[in-house]
Each structure stands twice: as C-alpha cells, then as structure tokens.
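The values are calculated or read from the model by the stated rules, or taken from the named source; none is laboratory data. All values reported here derive from a predicted model rather than from experimental measurement. So basically every Cβ, Gly included, is an ideal-geometry build from the backbone, and we count neighbours across all protein chains shown. When the accessible area is computed, the model is the full protein with side chains, heavy atoms only, and any ligands, DNA or RNA have been set aside. Shrake-Rupley method; radii C 1.70, N 1.55, O 1.52, S 1.80 Å.
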Amino acid sequence: MNTEQELVLHKKSFHQLTTDELYELLRVRNEVFVVEQNCVYQDLDGDDQKAIHLWLTQAGKTVALARVCPAGTHMTEISIGRVISTERGKGYGKEILHHAIDAATEHFGATLIDIEAQEYAKGFYESVGFKQSSDTFMLDGIPHIKMTWRK
C-alpha cells in the first residue's frame, strides 16, 4: 500500500493493552458506532477481555481497528467484530480485516470465521472472502446479516 506515512499494525490481547491504548480503541468505537451512526447500544459487552485487538496507526493516529473473539464468546464460532476504518476509501478497512483473519487463524486455529455485518457493508466483506450465511436481521436498530469466511 502506498501511503505517505507507514502504517503500523498493533496486535494485543486485552490484558496486554495499556490504559491509553484501551481508551483509544473504545474512543474510536464510540465515535463511529455510537455518535456517527447515531446508535445507542452496549459496546462494552464483556467480550473484549477474551479478544485479540488489532489496530492500524499512521503517524500515531488510529486509522482502523478490529477485534477477534474466540469461539463461544461473541458468537458460536470464532468471530471478527468492531471493524472500523476512520478514513474511508484508503484501503485501511480491508487491511485490518486481512490482519484479523490472520490473527483468528494464528491464535485460535480458525478455519471458519463468522461476522455480524451491517447489511450495507456486504460487498466490503465479500471482497475479502466472506459469504452471506443468514437472512437480514435487526441488531441495535440496524439491518445486519451473518457472513462466514472459510479457509
């Protein structure tokens, strides 16, 4: 990826996060999912403590993030969630998603990964190999679909 500043990947378990890193991840999640999407929901769901957290920074600024949850945590299968790109159209979302898939296979031995995708983002997730695996359902007032990636 050609960028003026190098992207830096960070990958940590919950217990490895510093308080400043945790604050930044939660701040970005709140900024996008609660404020930008005008959606009141419980972001702190008890799954972060078991998840692998990944984020990309550029010049010290968080530009994308995701979390990978082991099977039986957020969903029955290993799952990826809280996928955010703070700067759209630059490929950061795809990059963090590829890193999340790698982390799911490396840390949890994933051969199958599920996500609950906002319906409008279906094409984005399909572009990295996810396929729709459910009908549309409402989650926190937003249409979602379950999507599955297979190795």
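With PHE33, PHE14 as the choices, which residue is more than 18 Å from GLU116 (Cα to Cα) and surrounded by 14 or more Cβ atoms within 10 Å (Cβ to Cβ)?
None of the others qualify; the one that does is PHE14.
What number of residues within the range 32-66 satisfy the criterion of being free of Cβ contacts under 8 Å to residues at least 12 places away in the same chain and either in a helix (DSSP H, G or I) or in contact with a Lys or Arg (Cβ under 8 Å, 6 or more places away or on another chain) (or both)?
3
Across the range 119-132, what is the number of residues that are surrounded by 18 or more Cβ atoms within 10 Å (Cβ to Cβ) and outside any loop (DSSP other than H, G, I, E, B)? Give the derivation first.
In the first step, residues of the range 119-132 are kept if they are surrounded by 18 or more Cβ atoms within 10 Å (Cβ to Cβ); the result is 125, 130.
Then drop every residue that is not outside any loop (DSSP other than H, G, I, E, B), which leaves 125.
Total meeting the criteria: 1.
Residues checked against (1) among the charged types (D, E, K, R); (2) at pLDDT 95 or above; (3) farther than 21 Å from HIS10 by Cα; (4) in contact with a Pro (Cβ under 9 Å, 6 or more places away or on another chain):
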{"position": "LEU65", "(1), (2), (3), (4)": "no, yes, no, no"}
{"position": "GLU77", "(1), (2), (3), (4)": "yes, yes, yes, no"}
{"position": "VAL83", "(1), (2), (3), (4)": "no, yes, no, no"}
{"position": "GLU95", "(1), (2), (3), (4)": "yes, yes, no, no"}
{"position": "HIS99", "(1), (2), (3), (4)": "no, yes, no, no"}
{"position": "PHE108", "(1), (2), (3), (4)": "no, yes, no, yes"}
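Does the range 37-44 include one or more residues that are closer than 14 Å to LYS11 by Cα and open to solvent by 10 Å² or more (accessible area, probe 1.4 Å)? Show your work before the answer.
In the first step, residues of the range 37-44 are kept if they are closer than 14 Å to LYS11 by Cα; the result is none.
No, there is no match, as no residue in the range 37-44 is closer than 14 Å to LYS11 by Cα and open to solvent by 10 Å² or more (accessible area, probe 1.4 Å).
Could you please find all residues in the range 106-118 being open to solvent by less than 40 Å² (accessible area, probe 1.4 Å) and more than 23 Å from GLN37 (Cα to Cα)?
ALA110, LEU112, ILE113
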